[in-house]
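Trainee: Starting off with a structure, shown below.
The values are calculated or read from the model by the stated rules, or taken from the named source; none is laboratory data. The structure displayed is predicted, hence computed values, not measured ones. Cβ placement follows ideal geometry from the backbone for every residue including glycine, while neighbour counts extend to all protein chains displayed.
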Amino acid sequence: MNRRDFLRTAGGATGAVAAATSTASAQNESGGGSSGGGTTHTVEMTDGLVFDPASIEIAPGDTIEWPNVGSVGHSVTFYDDGIPEGATYFASGGFDSEEAARTGWNNGEGNVAGGESVSHTFETLGTYEYFCIPHEGAGMVAEVVVTENPGSGGGGGGGGEKELHDLGVPIQAHWVGSATILGIIATLVFTFYVLKYGESPNTGNTGGRD
């Protein structure tokens, strides 16, 4: 499975949740909301050989910090062909290309040991694909999407669904659910009554009366 297939699979498995909660629950932030630049987000590197979260949306000027929360060594290495044109290349160990990072790893450089972390600030809009050199084959790849409107379900495509309250509708979800349930119950009761007792006496046929 290549990295793009993996990212599509990971995104599909978590898409519905990620759109609503990845910013709030799968990352730690400092400095408030994610809509403005300057926020720091956390993507953990784990002994499960994953970046958590595997996909994250941030604003230009935001920083990603990758702490190694386990004991197995990892790297954070951008793909040369997986970053936007004009974007600054990044790899743990301070390398300026994917090839240099791979060579450096073989020479014992670029390792982020357990308890250590690295970080990078993203300025250029677009999608950044990256991986862990020793665990790339195990599917330890991920992406960062830098967009003007993180969390809008876009990163460039389509607007995503809006909540009712965002459209100015003064209604809450639990009321909608309650009304729906009551409507179903009323329909069932009416259907049961009609099936058991037939038509109302007021609408029955008048027989031979003139």
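Trainee: I'm trying to understand the selection: among the residues of the stretch 77-98, which are buried (at least 21 other Cβ atoms within 10 Å of the Cβ) and either aromatic (F, W, Y) or touching a helix residue (DSSP H, G or I) at 6+ places or on another chain (Cβ under 9 Å) (or both)?
Mentor: Passing the criteria: T77, F78, F90, A91, S92, F95.
Trainee: Just one of N107, N111 is out of contact with any Cys (no Cβ under 9 Å at 6 or more places or on another chain), surrounded by 11 or more Cβ atoms within 10 Å (Cβ to Cβ) and modelled with pLDDT of 95 or more; which is it?
Mentor: One residue alone meets the criteria, N111.
Trainee: Oh, and also: Within the stretch 96-110, track down each residue that is within 18 Å of A142 (Cβ to Cβ) and under 29 Å from the mean Cα position of the chain (by Cα).
Mentor: Result: E98, A101, R102, G110.
Trainee: Could you list, in sequence order, all residues of the stretch 137-152 that are touching a helix residue (DSSP H, G or I) at 6+ places or on another chain (Cβ under 8 Å) and outside any strand (DSSP E or B)?
Mentor: G139, P150, G151
Trainee: What residue, of S71, S117, is at pLDDT 95 or above, within 25 Å of G48 (Cα to Cα), out of contact with any strand residue (DSSP E or B) (no Cβ under 9 Å at 6 or more places or on another chain) and hydroxyl-bearing (S, T, Y)?
Mentor: From the options S71, S117, the qualifying one is S71.
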